[in-house]
Amino acid sequence: MPIKTTTPSKCPVCADDLVLPEAGALPWCPACRWNLDVYDPALAPWRGTRMIGRWGFRRGLEVDRATHEQLLADPEAPPAGTSSGETWLFVVSVVLAMLGVAAVGYLVWLLVASDLPPGIRLALAIPAVLVLLLVKPSFERVPKYGVLTDREAPQLHRLVREVAEAVGTPVPDVICADLSLNAGVARLGWRQRSVLVIGVPLWVMLPRPARVSLLAHELGHLANGDPLRARRTVLARTFGTRAVAATGGRNPWRRAVRSADALAEQATGTIVLLGVIVHGIVALANVAAATGQLLVDSAAMPDSRRAEYRADLVARRVAGSAAFLQSSETVLLAGRIWQDLWHMAPRIDGDQLEAMAAEARERLAARLPLARQFSRRTTDLWSTHPSEDQRMRLVEALPGFDGALRVDDNRWAGIDTELAPWRRAAHNALLGTRDRF
């Protein structure tokens with residue numbers, strides 16, 4: 001979101017110039033932070049109504065403040081036990097699993113023991129099939145594309161092993177690369193194998209010490225057991241989302257009105273009335289599912305946000321405070337850096353991406369203070385991550401830490417050589433997007 005300083009408008013507290021984001025957002029003072037922690041409907045995620053969005057913004061700030069106080073008091077404390085929200089979600093997941101088992105038993109009875117005619121059995125089976133589609137277990141597959149084996153990337157695997165040892169967690173079963181501006185860790189497949197995914201565009205943007213911080217943060221999630229906790233409550237977390245998707249997605253009433261209008265142009269009388277009733281029922285089901293998902297996320301996301309803070313502290317311990325802050329700053333600027341690389345792509349090759357990203361990062365450094373404050377406006381209870389500003393403030397409030405792991409330039413050069421094909425792929429992706437504009 002572009003931002004600008006408004007010279008005619010002055011802060012009522014310190015008389016400094018105000019910052020006014022475009023698109024009708026509310027101004028704030030970058031010097032004293034006046035009007036920064038206010039709900040801004042132009043920037044905050046839309047949650048159905050402004051009242052709900054405003055509550056989610058305030059509640060998100062409260063969760064962040066409480067988590068800061070807890071972690072500042074004892075940053076080395078292990079993750080707390082099962083929270084009340086996680087317990088509630090686990091109970092809901094068990095209930096949904098039992099509902100799925102009951103649906104399977106009902107279908108078996110219809111197929112084997114029922115004396116009803118086949119047509120009636122088929123009609124009676126439809127609700128049970130719908131239930132199974134909503135509560136079926138989901139085990140995402142381990143990626144096959146982008147897997148970096150120990151033979152293909154021994155230096156990268158060595159670095160990941162050292163980071164895992166410093167973090168205190170087993171080495172991930174699979175290391176993958178992709179072309180996203182992100183990184184992540186998860187447990188996938190029936191065997192729940194741990195998978196580390198490194199987004200190469202983000203990787204080349206990061207200063208080298210910050211790459212260690214990125215790895216430590218993701219492996220910190222494994223050490224803290226975050227993917228396993230998410231797996232235990234996955235049915236509760238996904239039921240509402242699946243139901244919303246099954247009933248058409250967002251804007252159900254607008255879709256219902258349009259469908260009714262289209263039906264009215266093709267038919268009349270009873271058919272139109274029945275169509276309106278059916279679309280109204282679907283819209284109501286959609287709203288109920290979205291409301292249920294909002295309630296589920298109200299319980300799930302505070303734990304998710306706390307997990308991010310704890311993973312940040314792992315990154316601070318392993319890579320150091322400065323490396324973590326560099327990582328967060330790069331994430332704040334990543335979209336703009338990628339845009340600059342897009343403009344330069346025809347004049348460079350894949351091997352120059354890292355150097356060009358570093359130059360872009362330096363050019364954009366002056367934007368960091370405002371970009372960081374700006375991120376607070378997106379605070380939301382139902383977001384999986386706190387704002388970058390909140391995360392950086394926590395680490396800055398703690399004593400500076402040098403980190404436990406150092407990697408020399410020769411090893412980084414070896415890792416860069418191993419990832420050279422992926423840098424070229426990222427460059428090709430930049431070139432390939434040019435025909436979309």
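Annotations
- Accessible solvent surface per residue of segment 23-77, calculated while the other protein chains remain in place, 1.4 angstrom probe, Å²: 54
- Solvent-accessible area, 1.4 Å probe, carbon plus sulfur percent, for segment 81-148: 76
- Gap separating the Cα centres of segment 186-221 and segment 278-354, nearest whole Å: 13
- Global size of the chain: 25.2, 82 Å for Rg and Dmax (C-alpha atoms, Rg to one decimal, Dmax whole).
- Computed from point charges on the beta carbon alone (+1 for Lys and Arg, -1 for Asp and Glu), the dipole magnitude for segment 218-356 about its Cα centre is near 600 Debye.
- Under the span-like rule (Cα at least 24 Å along the axis, Kyte-Doolittle mean at least 0.5), DSSP H helices of the chain: 84-112, 118-135, 270-319
- Size of charge dipole - the chain - debye, nearest 20, with Cβ of Lys, Arg +1 and Asp, Glu -1, no other charges: 900
- Looking at the chain, the DSSP beta bridges with both ends there are about 70 percent antiparallel.
- In this rough spin-label picture, where each label sits 7 Å from Cα along the Cβ direction, the Ser114-Ala429 distance is 4.8 nm.
- MRE, 222 nm, helices only [DSSP H, n ≥ 4, -39500 (n - 2.57), over the chain, to nearest 500]: -20500 deg cm²/dmol
- Segment 388-437 and segment 86-147: distance between their alpha carbon centers, rounded to Å: 43
- Anisotropy class of segment 360-437 from Cα gyration tensor, a/c 1.5 cut: oblate
- Environment charge at Val142 (Cβ cut-off 12 Å; Lys +1, Arg +1, Asp -1, Glu -1): +3
- Taken along its principal axes, the alpha carbon cloud of segment 300-424 reaches lengths of 43, 33, 29 Å, longest axis first.
- Rounded percent of accessible protein surface that carbon and sulfur make up, segment 255-379, 1.4 Å probe: 62
- Built amide H within the under 5 Å cut-off of Arg193, gap 5+: Leu188
- Calculated FRET value between Ala366 and Ala97, using beta carbons and R₀ = 60 Å, to 0.05: 0.70
- Here's how it looks for Gly199: its modeled amide H is under 5 Å from those of Asp178, Asn182, Ala183, Gly184, which are all 5 or more places away or on a different chain.
- Simple rule: put +1 on each Lys or Arg Cβ and -1 on each Asp or Glu Cβ in segment 146-239, find the dipole, and look at Asn224, Ala166, Leu196; the Cα lying farthest toward the positive end is Asn224.
- For the pair Trp88 and Ala15, a Förster radius of 56 Å applied to the C-beta separation gives a FRET efficiency near 0.70, rounded to the nearest 0.05.
- Estimated FRET transfer efficiency when R0 is 35 angstrom, pair Ala285-Glu140 (beta carbons, to 0.05): 0.85
- Projecting label points 7 angstrom from Cα along Cα→Cβ for Glu396 and Glu265 puts them 5.5 nm apart.
- Overall form of segment 137-201 per C-alpha gyration tensor (a/c, 1.5; a/b vs b/c): oblate
The values are calculated or read from the model by the stated rules, or taken from the named source; none is laboratory data. For clarity, every value in this text was computed on a predicted model and none was experimentally measured. Positions of Cβ are generated from backbone atoms using ideal geometry, with glycine treated the same way; all protein chains shown enter the neighbour counts. The accessibility values were calculated without ligands, DNA or RNA, using every heavy atom of the protein model including side chains. Shrake-Rupley method; radii C 1.70, N 1.55, O 1.52, S 1.80 Å.
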